[in-house]
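See below for the structure under consideration.
The values are calculated or read from the model by the stated rules, or taken from the named source; none is laboratory data. Everything quoted here is computed from the prediction, not taken from an experiment. Methodologically, a virtual Cβ is constructed for each residue, glycine included, from the backbone with ideal geometry; neighbour enumeration extends over all protein chains shown. Please note that ligands, DNA and RNA were not included when accessible areas were found on the heavy atoms of the full protein model with its side chains. Shrake-Rupley method; radii C 1.70, N 1.55, O 1.52, S 1.80 Å.
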Amino acid sequence: MKNKNTTMKIESNIFTALTIAGSDSGGGAGIQADMLTFASCGVFATSAIAAITAQNPLGVRAISTTPIDVFKAQLETVYDYFKPKALKTGMLFDAQHIATTANFLEEHPDIMAVVDPVMISTSGSRLLKSDAEETLKNKLLPLATLITPNLDEAKELIGEDITNMEQTAIKLSKKFSTSVLLKGGHLDGSDIVDILCMKNGDIYKYYSTRIPNIDTHGSGCTLSASITAYLAKGNSVEQACRKGRNFLLKGMQSPVCICGTNFINHFPK
């Protein structure tokens, strides 16, 4: 009697996360930093590349967006097979890629989404077209589980100067009906505070001391990616923010030295 072929379903032993962002040819930010972070945090890394950049820590020299049909196909192909538990967005650059990402989230509300509203790089290069800001505000941010703006981005999002971080975090949370981690790294001084305002109004504050002698290129990408990884592993938003922030701090406290400069270590011990 011939044996019949049988297919055994093997349960996954690792969760999957998705990064939707731009590719950084320098490797320290964008898709590259996100995937390193996912792997280091113990989740399987998938990606949808919105744009290709020519950049290094000194600046961005060129940007080319991915054709929208290819970008959409990346999102759908990853979801069809890997079913990511959580995703993050980084540099999306234009209104069309933002709207496509928003449509994807509307079609797949089971995915937790961390939106890093990337507008300007650390080196000062514009990473979001000015006519795309309204699409970001109206279509994508309200679909997020969490948004992670720095102070400059928060100012753009609420349209006013920031005089009180906690009040700004609350305003952002109410405006976009989502949880907000407002990052205070752009403040002067050695003491840093990040403020998490949950969608239900709960406030958490995370304090740290500024780490000297390190290039912070890719710090926002690394933080949002680590938070996404911890969400994919089943942590709450608050737990994921706390653990993600600790991951970034460890990576900065034990940097890698490249070409005479200290950069974030994505595999800290």
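Summary table below
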quantity	calculated
Neighbours by Cβ (under 6 Å, 6+ apart or cross-chain): first from region 172-187, over 16 Å from Leu141 (Cβ atoms); second modelled with pLDDT of 95 or more and among the charged types (D, E, K, R)	Gly184/Asp194
Number of the condition not met by Ser208 [criteria: (1) open to solvent by less than 30 Å² (accessible area, probe 1.4 Å); (2) within 20 Å of the chain's Cα centre (by Cα); (3) polar (S, T, N, Q)]	(2)
Residue ID - surrounded by the most Cβ atoms within 10 Å (Cβ to Cβ), chosen from residues in region 245-267 that are without any contact (Cβ under 8 Å) to a residue 40 or more places away in the chain and of a type outside the set (A, V, I, L, M, F, W, C)	Gly251
Index of the failed condition, Ile98 passing every other in (1) modelled with pLDDT of 95 or more; (2) more than 16 Å from Leu127 (Cα to Cα); (3) among the β-branched types (Val, Ile, Thr)	(2)
Verdict on Ile214 being surrounded by 13 or more Cβ atoms within 10 Å (Cβ to Cβ), out of contact with any Ser or Thr (no Cβ under 7 Å at 6 or more places or on another chain) and over 18 Å from Thr148 (Cβ atoms)	yes
Helices (runs of 4 or more DSSP H) wholly inside region 91-196 that include at least 3 residues being under 18 Å from Glu238 (Cβ atoms)	165-176
Complete set of residues in region 218-241 that are of a type outside the set (A, V, I, L, M) and under 15 Å from Lys183 (Cβ atoms)	Gly218, Ser219, Gly220, Cys221, Thr222, Ser224, Ser226, Cys241
Count of residues meeting criterion [free of Cβ contacts under 8 Å to residues at least 24 places away in the same chain and either in contact with a Gly (Cβ under 7 Å, 6 or more places away or on another chain) or more than 11 Å from Phe93 (Cα to Cα) (or both)] in region 57-76	6
Any hit, region 74-94, residues being β-branched (Val, Ile, Thr) and within 17 Å of Phe38 (Cβ to Cβ)	yes
Positions within region 69-84 being more than 19 Å from the chain's Cα centre (by Cα) and open to solvent by less than 50 Å² (accessible area, probe 1.4 Å), in sequence order	Ala73
Close pairs (6 angstrom Cβ cut-off, 6 or more residues apart or separate chains): more than 15 Å from Glu166 (Cβ to Cβ) in region 189-217, open to solvent by 50 Å² or more (accessible area, probe 1.4 Å) and among the charged types (D, E, K, R) anywhere	Ser190/Arg210
Boolean, Glu133 is open to solvent by 10 Å² or more (accessible area, probe 1.4 Å) and free of Cβ contacts under 8 Å to residues at least 12 places away in the same chain	no
Ile203 open to solvent by less than 40 Å² (accessible area, probe 1.4 Å) and at negative phi	no
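Each row is one residue, and each column tells you yes or no for (1) free of Cβ contacts under 8 Å to residues at least 12 places away in the same chain; (2) crowded, with 24+ Cβ neighbours inside 10 Å; (3) outside any strand (DSSP E or B).
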site: Ala17; (1), (2), (3): no, yes, no
site: Ala21; (1), (2), (3): no, yes, no
site: Gly26; (1), (2), (3): no, no, yes
site: Ile31; (1), (2), (3): no, yes, yes
site: Met35; (1), (2), (3): no, no, yes
site: Ser40; (1), (2), (3): no, no, yes
site: Ser47; (1), (2), (3): no, no, no
site: Ala50; (1), (2), (3): no, yes, no
site: Gln55; (1), (2), (3): no, yes, no
